[in-house]
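To keep things clear, I will list the structure first and then write my remarks on it.
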Amino acid sequence: MRYAMVIDTLKCVGCSDCVVACQTENNVPIGYCRDWVVEAVNGTYPQLELEIRTERCNHCENSPCVRCCPTGASHIVEGGVVLVTHDECIGCGACIESCPYDARYQHPEGYVDKCTFCLHRVKDGLLPACVSVCPTRCMYFGDLEDPNSEVSKLLKKRDYKTLAPEAGTNPHIFYLI
Amino acid sequence: MKTRRDFIKISSLGLGVATLSASKLNLFESLKSEEDHETEKLFRQPTYCEICFWKCAGWTYFNEKKKIIKVIGNDKDQHSNGRFCPRGTGGIGAYYDEDRLTKPLIREGKAGSQTFREASWDEAFTVIADKLKKIAAESGPENVALIKHGSAGDHFKTLFQAYGTGNISAPSYAQCRGPRVESFKLTFGEDPGSPEQTDIRDTKCLVLIGSHLGENMHNGQVQEMAMAIDKGASIITVDPRYSTVASKSKFWLPIKPATDMALLLAWINVLIEEELYDKQYVEDNTIGFEKLRHHVKRMTPEWAYGITTIKPDVIRKTAREMANAAPAVIVHPGRHVAWYGDDVQRSRAVGILNAILGSWGRKGGYFLREGISVPKFPIPKANKPRWNWKTALNGQFPLASQSPTNVIVEQSIKGNVDEKYRIRGWFVAGTNLPLTLPETDKFEKAVQDLDLFVAVDTMPMEVTGYADVVLPECTYLERYDTIRSSPHREPNIAVRVPAVEPLGDTKPASWMAKELAKKMGLGEFFPYEDYSEVLDWQLKKMGSSLDEMKRIGVKTFPRKTPIYFAEGEKYRFKTPSGKIELYSERMKQLGFSPLPEYTKHEEPPQGFYRLNYGRAPMHSFGRTSNNPNLTDLMSENFLWVNPKVASIWGLKSNQKVWLKNQDGIVSDFPIKVRITERIRWDSVYMVHGFGHNNKKLKRAFGNGANDSQMISKVLIDPIMGATGMRVNFVTFLKNDPA
């Protein structure tokens, strides 16, 4: 079992529904977020390109945040999901510094917080909140080790990229391009 | 800052929201979550969203303590396909907004200054009823106008029809869709409706004329656009701005603003000259083709190039792209099309283009909508008004099928019309006129001349600041409303049921209209205690019931007519000729051009830039700009400026500038500059709905600039009275003008 998210940048319109859905689902305080939208423009008028993508924790296999956590609060669970146990987190912020994706934030209650792939939903047979609301259906979630899963099939069929591959983290968010 | 809600706990299985198949359930069985998500039982009631006009049906989830947790789309709904847009998902913010109106307010003059004081509902209704009776006695009930948007308007419409006025108006007509409504009625005999009957999911080519799908989050359409992208459809986007959808288009035509008509005519020229149009369809279903052919003869791509800056080969290539996809091609009618004062004619050109491509009534083009009518709850017949807004127009705007709100404003100003026909009272429900209407000076003048101004809203908007009496409405999550019955691929209905009790002293519009009617002696028009009785009566007549609808939220009925034309079918259109009218005899009779013509529009003077405006996917007009959830996604608008222009003016990113328009009007608030290649050098762009100046909107006050304030000039469409608003030019003031 290896959970992954595949995001089709050709369909994403950057509406940010994923952001509100996550905030609502995971009780992320207003002003903070576990996922966000990036727009990257290239070229000069009128020869332009625009990539829109929703970003979040990459649930890296080789995760610097887990390696540098002094208390073991950051850890990897089954399915390769990186989690933070709030009670064990001392809020030192080392993981925030180490993350090449800027995916973690300091929760006002003192601990570090980030995307959990909505494991509480996944375990109930639901999709992560962001995936479940996306109006363009540009986000896919599933098991990379299952060759018949939608995510595996998409990665076989389409061109894709990951973010900051040079960091060597082996991220598990894939962007179809 | 919104208070932190209790941790959300989902007990999903009992709620029927599982979106994964059973086999997927097994996949997750071995997983052990280390997250502390305890489960809490959630309940739900059906609703349809009121954050925008798309009215997506969904479910309001709440816990045992009657605390609203979230709003989620209804899988059976054709507007949303079970997925809400960010505004729908963030709709709970409308309920939790701590700046909401909670008490009726009455304006009071005290020693030169005016304030609002809180009042009881009874007192507020007494003030309104007395004034309405006085105006009716002195002038007539016709001298009062209801100006409305959204669901609240339905209930007040019953009230004001009973009262005796026909002056019922919605800015969504002349400030938005009106030109499209009339042009499609002229051409096809019907308006493409809402949601539009565009078969985007099955199209092979989608053509957008300034329409920014994806930024305008017209939910079902955006979803279908993504489906079409998946299926390899090509998109052609005509927009001076590199919009989101432009970036997803096979062809982006960065047109010179205000020249779309020339491009449309050149496309028609290419399709006819190269014989790419659907000959059989044109033969079977249209009239006036030879006149059209003759009319566009000289409107070649070379001619259009000089006007639009779009190269002739691109015009030809895109015309062929459409023809290759035909009939699975949609030249989109757009939604907000009140741009340049010749908007009915431009929309006619869009209609004609669709007609010769044969897209109307064809798969991947325009499907045929089918709806189901909701039985009318029995109430007495109201007296027919003796006159209405049309009377004083004396034949002006002959094709206005609804009342342009700008006409109501004009007719409220002393001296503009015979005092006999002057509107003396406004009852405004659910529309924030100062941000909605152009020509703010006329609005302010009219307001001074009114004897009564009532505003109904959930929030302290600018419009409530002008009112004599403010009535606080509860949000859509706290009330029943009329049955939603929008024709679509399948006839369907949806209901709105309150999830929780109205907050504070807020009330649903259905209750307000009924109670106000009682005060005015019109109680017989509202023969029920609670609006749910009306719904149950109507639903039972339709073979359902309120109980059933509470369980399912949306009910779909089988179609009685085909969704597309049959092969070679000669369809009877609802036009005078029964055909698609390429050439419009009716327009000719009215003294307008029977075929669309290109008109040159004014260009910005030196140092000024055309003000274009649009939407962001996380906001609806100005009504969401204080919503805590949505403000968190976007709290202000930015002024898009081309880097060349920024360099001429020495503007830096995020620098605040004030705007000054061609009439010397300076924006109340500054707006931050966004320097981007995505905008042409001759125009600037901003998202509509910001720059609120009501201090009661704590989050929204002074954030960004208000485009409506800069729209002090309009070009009125002589055919139906729409206000063309993209005719204003602005320049930058780098220092605070105050």
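No value in this document is a laboratory result; all are computed from the given coordinates. What you see is a predicted model; the values in this text were computed from it and never measured. Cβ sites come from the backbone with ideal geometry, for glycine too, and all protein chains shown count toward neighbours.
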>> Explain nothing, just the number: dipole magnitude of segment B:641-738 about its Cα centre with +1 on each Lys and Arg Cβ and -1 on each Asp and Glu Cβ, in debye rounded to the nearest 20.
In response: 480
> Roughly speaking, what is the centre-to-centre gap between segment B:313-357 and segment B:226-264 when only Cα atoms are used, to the nearest Å?
Replying inline: 12
>> With the cut-off at 1.5 for a/c, could you classify chain B from its C-alpha gyration tensor as rounded, prolate or oblate?
In response: rounded
>> Under the rule a/c < 1.5 gives rounded, and otherwise a/b versus b/c splits prolate from oblate, where does segment B:424-543 land using the Cα gyration tensor?
In response: prolate
>> Given the options B:Ile552, B:Cys474, B:Leu353, identify the residue whose Cα lies farthest towards the positive end of the charge dipole of chain B (+1 on Cβ of Lys, Arg; -1 on Cβ of Asp, Glu).
In response: B:Leu353
> Using the alpha-carbon centroid of each, what span in Å lies between segment B:365-412 and segment B:94-172?
Replying inline: 20
> So, with +1 on the Cβ of K and R and -1 on the Cβ of D and E, and no other charges, what is the size of the charge dipole of chain B about its Cα centre, to the nearest 20 debye?
Replying inline: 440
> Of A:Cys89, A:Val77, A:Tyr160, which is farthest along the charge dipole of segment A:3-176 in the positive direction, counting Lys and Arg as +1 and Asp and Glu as -1 at C-beta?
Replying inline: A:Tyr160
> segment B:274-361: which GluC sites (Glu not before Pro) are DSSP loop and have at most 16 other beta-carbon atoms within 10 angstrom?
Replying inline: B:Glu274, B:Glu275
> Among all the aspartates and glutamates, which ones have a C-alpha under 12 Å from B:Lys519's C-alpha, if same-chain residues fewer than 8 places away are not counted?
Replying inline: B:Asp122, B:Glu123, B:Asp130
> aspartates and glutamates within cross-link reach of B:Lys134: Cα-Cα under 14 Å, excluding same-chain residues under 8 positions apart?
Replying inline: B:Glu142, B:Asp451
> Which of the trypsin sites (Lys or Arg not before Pro) across segment B:594-699 are loop residues per DSSP, with 15 or fewer other Cβ within 10 Å?
Replying inline: B:Lys600, B:Lys652, B:Lys695, B:Lys698
> In terms of the Cα gyration tensor, with a ≥ b ≥ c the square roots of its eigenvalues, is segment A:71-115 rounded because a/c is under 1.5, prolate because a/b exceeds b/c, or oblate?
Replying inline: oblate
> Between B:Asn416, B:Ser172, A:Val112, whose Cα lies farthest towards the positive end of the dipole of the protein assembly as shown when Lys and Arg beta carbons carry +1 and Asp and Glu beta carbons carry -1, centred on the Cα centre?
Replying inline: B:Asn416
>> Please compare each pair in A:Lys156/B:Lys248; B:Lys256/B:Lys656; B:Lys148/B:Lys390; B:Lys231/B:Lys363; B:Lys376/B:Lys574 to a cut-off of 20 Å on the Cα-Cα distance and tell me which ones are over it.
In response: A:Lys156/B:Lys248; B:Lys256/B:Lys656; B:Lys376/B:Lys574
> Taking a temperature of 20 °C and a viscosity of 1.002 mPa s, what whole-number D in µm²/s does Stokes-Einstein yield for segment A:3-176 with Rh from Kirkwood over alpha carbon pairs?
Replying inline: 128
>> List the residues, sorted by chain then number, that are 5 or more residues from B:Val207 or on another chain and whose placed amide H is less than 5 Å from its amide H.
In response: B:Ile236, B:Ile330, B:Val331, B:His332
>> Between segment A:42-82 and segment B:514-545, what is the separation of their alpha carbon centroids in Å?
In response: 55
> Which trypsin sites (Lys or Arg not before Pro) in segment B:205-309 pass both tests, a DSSP loop state and at most 15 other beta-carbon atoms within 10 Å?
Replying inline: B:Lys231, B:Lys250, B:Lys297, B:Arg298
>> Please return the longest range in chain A lying between exposed loop sites, taking GluC sites (Glu not before Pro), DSSP loop only, at most 15 other beta-carbon atoms within 10 Å, and leaving the sites out.
In response: A:1-60
>> How much length would be gained if the chain were fully extended between B:Lys698 and B:Asp736, taking 0.36 nm per residue of separation minus their Cα-Cα distance, in nm to one decimal?
In response: 11.5 nm
> What's the extension gain from B:Val374 to B:Gln396 if we count 0.36 nm per residue and subtract their Cα-Cα distance?
Replying inline: 4.5 nm
>> Based on C-alpha coordinates, I'd like the Rg and Dmax of the protein assembly as shown, in Å.
In response: 27.8, 83
>> Let me spell out the model: positive unit charges on the Cβ of Lys and Arg, negative unit charges on the Cβ of Asp and Glu, origin at the Cα centre of segment A:3-176. What dipole size does that give, in debye rounded to 20?
In response: 340
> Per-residue HN-Hα couplings for segment A:6-15, Karplus 6.51 cos²θ - 1.76 cosθ + 1.60 at θ = phi - 60°, whole Hz, x for Gly and Pro?
Replying inline: 10, 10, 8, 5, 6, 9, 4, 9, x, 6
> Could you put B:Ile236, A:Ile173 in order, starting from the residue whose Cβ has the fewest other Cβ atoms within 10 Å?
Replying inline: A:Ile173, B:Ile236
